[in-house]
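Just below is one structure, and these are the notes that go with it.
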Amino acid sequence: MLRVAREHLNQLDPDLRNEPIHLRMLDGPPGSPRYAVYVGACRREGECPYGVEHIVPCPILDCELRNSLRFLMDREGNLVEVLHSGVRWTA
């Protein structure tokens, strides 16, 4: 599934293609998404204006310095939903 996630990433946001992929399996009713993928990178140089160290995912809700991509995939690896920078899912 990582290979499939990497292929989607290369098509959706080539700028993030060299960043690590965080893949999580989801549990839910039949027909629901089975995998959540997060890829992100902070593009800042020097100190963070919000005082955050380099952590993934960044806790700042709408950081203009972060380039991130989150997507959900079904059991076959098809995209279900895609969220770009500035949007966070809640736990």
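The values are calculated or read from the model by the stated rules, or taken from the named source; none is laboratory data. Model, not experiment: these values are computed from the prediction. A quick note on method: Cβ atoms are made from the backbone with ideal geometry, for glycine too, and the neighbour counts reach across all protein chains shown. Each accessible area value is taken on the protein alone, full model and side chains, heavy atoms only, with ligands, DNA and RNA left out. Shrake-Rupley method; radii C 1.70, N 1.55, O 1.52, S 1.80 Å.
For the reader, a short list of remarks on this structure follows.
- Scanning segment 54-91 for residues that are farther than 18 Å from GLU19 by Cβ, surrounded by 14 or more Cβ atoms within 10 Å (Cβ to Cβ) and at pLDDT below 85 yields nothing.
- The number of residues in segment 6-20 that are under 16 Å from LEU79 (Cβ atoms) and in contact (Cβ under 8 Å) with a residue 24 or more places away in the chain comes to 5.
- Pairs are defined by a Cβ separation below 8 Å, a sequence spacing of at least 6 or placement on different chains, a first member in segment 21-45 that is free of Cβ contacts under 8 Å to residues at least 60 places away in the same chain and more than 21 Å from PRO59 (Cα to Cα), and a second member that is among the small types (Gly, Ala, Ser) and crowded, with 16+ Cβ neighbours inside 10 Å; the pairs so defined are LEU26/ALA36; TYR35/ALA5.
This table checks each residue for (1) touching a Pro at 6+ places or on another chain (Cβ under 8 Å); (2) surrounded by 12 or more Cβ atoms within 10 Å (Cβ to Cβ); (3) aliphatic (A, V, I, L, M); (4) not in a helix (DSSP H, G or I).
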site: HIS8; (1), (2), (3), (4): no, yes, no, no
site: GLN11; (1), (2), (3), (4): no, no, no, no
site: ARG24; (1), (2), (3), (4): no, no, no, yes
site: PRO29; (1), (2), (3), (4): no, no, no, yes
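- Test for GLY51: is it assigned to a loop (DSSP other than H, G, I, E, B), open to solvent by less than 80 Å² (accessible area, probe 1.4 Å) and on the phi > 0 side of the Ramachandran plot: yes
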